[in-house]
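Here is the structure we will look at.
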Amino acid sequence: MGRSEELFEQAVKVLPGGVNSPVRAYRAVGMAPRFITKADGPFIWDEDGEKYIDYVCSWGPMILGHNHPVIREAVERAVKDGLSFGAPTRREVEIARLMTELVPNIEMVRMVNSGTEAVMSAVRLARGATGRDKIIKFEGCYHGHSDCLLVNAGSSALAGGHPSSAGVPEDIVKHTLTAQFNDLSSVEELLNAWPGQIACIIVEPVAANMGVVNPAPGFLEGLRKLCDESGALLIFDEVITGFRLALGGAQEYFGVRADLVTFGKIIGGGMPVGAYCGSRALMEQVAPCGPVYQAGTLSGNPVAMAAGLAQLTYLKEHPQVYDHIAAKAKWLAEGMRQAVAETGAPVVVNQIGSLLSPFFTPTAVTRFVDAKGSDVTMYARYFQGMLERGVALAPAQFEAMFVSEAHGQAQLEATLMAVRATLAAL
Ligand SMILES: *Cc1c(COP(=O)(O)O)cnc(C)c1O
């Protein structure tokens with residue numbers, strides 16, 4: 001038995017499922033999780049000293065790769081001055097100015113501690129600003145684990161077989177309406193059924209928690225138009241796509257304006273951070289300016305701000321990162337498709353920017369129902385085969401593969417070799 005297995009035996013006695021976030025338990029791939037000791041560049045190492053090429057990248061934050069010296073040094077400098085003050089600091093102003101400069105259509109930023117908090121607060125703001133209660137989300141999109149958004153959710157809420165959660169009262173989720181991603185008519189139906197009552201439509205502009213599913217041409221534009229006509233606010237949940245698809249995120253990439261935008265993951269550089277952002281008029285509805293209450297003891301934590309500011313500043317100064325990571329992901333996706341063609345395996349590979357994911361289905365995946373058609377048992381075997389060959393993928397089908405600036409040609413080639421060998425063995 002390896003050290004990860006030993007630790008896991010102890011872990012399950014004191015942590016539910018042995019973990020602090022469900023997907024980490026590896027249940028969807030039927031094995032004990034690897035316990036990680038350290039990470040550097042494109043690699044992670046487990047308790048047994050095994051080294052893997054990592055495509056989880058902490059679920060997105062590590063766009064520059066692990067342990068990037070610029071971020072590490074910024075954190076080390078910040079730590080020397082103390083860990084938390086519960087008071088305003090200079091870096092909060094600097095990161096907010098940088099974000100409003102880089103991201104279209106946002107004038108103000110409120111920092112929180114996670115993506116969940118960011119989305120929960122943005123929805124509260126949308127309800128407060130419109131005076132309406134109902135919200136529209138899309139089946140298979142994940143927006144964190146707050147009550148009203150844990151309805152027909154993606155990510156590990158999906159992999160665990162619990163599309164919603166116990167402990168969420170019907171009375172609370174009755175205001176959450178669910179539409180189908182890439183299907184504007186399903187949105188129109190809800191808007192017609194509840195005229196003047198929809199506070200917001202919230203969407204992952206690229207669905208990345210049902211595997212990766214690109215928005216169909218016209219889908220995001222259509223949502224914008226439906227919001228304008230109905231007076232609902234459009235919320236882009238850019239916790240994954242923010243500063244990943246482009247410096248300006250999905251709004252810039254697709255040229256579609258959102259009213260509120262949520263961030264997390266990349267803006268913390270690996271520290272726990274989230275943010276919600278929008279126009280001055282909307283954001284000044286938030287306390288202490290306005291009636292929408294939201295607060296946080298550790299919000300804008302100085303160490304987290306240092307990490308995020310260092311990462312975003314680096315990205316601003318090295319915008320070529322976006323061409324690099326997209327080219328690498330494209331190269332990988334094409335190589336994977338070729339390997340699939342050689343072995344005759346029924347696999348589809350979706351890719352956009354630095355996000356990609358394989359689905360074990362012969363048909364194109366453009367909607368949630370297509371993604372659900374993937375053979376998850378095949379994914380589990382694929383995952384195991386890749387791990388044995390030194391490549392760490394997301395331990396569940398309905399997640400993205402993240403390519404970072406640190407993934408070099410040697411690692412990409414090694415990954416494709418592992419893909420070929422694994423597919424052949426399946
Ligand atoms: C990860 C994620 C969240 C939740 O962020 P946490 O920091 O895990 O709370 C919300 N929305 C999207 C799109 C995400 O991918």
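For segment 306-338 and segment 176-199, write down the distance between their C-alpha centroids in whole Å. Each part's Cα centre sits 34 Å from the other's. All other residues with a Cβ under 13 Å from the Cβ of PHE368 taken together, and with Lys, Arg as +1 and Asp, Glu as -1, what is their net charge? Result for the neighbourhood of PHE368: -1.
Estimated at 0.36 nm per residue, the fully extended path between GLU76 and VAL369 surpasses their Cα-Cα distance by 100.9 nm. Given R0 = 51 Å, the distance between the Cβ atoms of ARG337 and THR37 translates into a calculated FRET efficiency of 0.90. Place a label point 7 angstrom from the Cα of SER165 along the Cα-to-Cβ direction, then list the residues of segment 1-44 whose backbone nitrogen is under 17 Å away. Under 17 Å, as judged by backbone N against the label point of SER165, lie 16-25 of segment 1-44. Neighbours of SER299, meaning other residues whose beta-carbon lies under 10 angstrom from its beta-carbon, give a summed charge of -1 when Lys and Arg score +1 and Asp and Glu score -1. The lysine pair tally for the chain, using Cα distances under 20 Å and a gap of 8 or more places or different chains, is 9.
Every Cα-Cα pair of segment 160-227 was included, and the share exceeding 19 Å stands at 43 percent. Within the chain, the proportion of C-alpha pairs whose separation exceeds 42 Å stands at 10%. Panel values: segment 69-317, Kirkwood radius from alpha carbon pairs, Stokes-Einstein at 25 °C and 0.890 mPa s, translational diffusion coefficient 134 µm²/s.
For segment 297-304, backbone phi angles converted through the Karplus equation (6.51, -1.76, 1.60; θ = phi - 60°) give residue-by-residue couplings of 4, 9, 4, x, 3, x, 6, 5 Hz, Gly and Pro being listed as x.
In plain terms, the chain from GLN285 to ILE172 could stretch by 38.4 nm, reckoned as 0.36 nm per residue minus the Cα-Cα distance. Run the quick spin-label model on LYS330 and SER21: label points 7 Å from Cα toward the beta carbon, then report their separation in nm to one decimal. The answer from the label model is 3.0 nm.
For ASP375, the amide hydrogen comes within under 5 Å of the amide hydrogens of PHE360, THR361, counting only partners 5 or more places away or on other chains and with H modelled in the peptide plane.
Full extension of the segment from GLU317 to ALA425, taken as 0.36 nm per residue of separation minus the current Cα-Cα distance, would add 34.5 nm.
Read-outs: derived from the displayed coordinates by stated rules, not from any lab. Keep in mind that this is a model prediction, so the values were computed, not measured. Cβ sites come from the backbone with ideal geometry, for glycine too, and all protein chains shown count toward neighbours.
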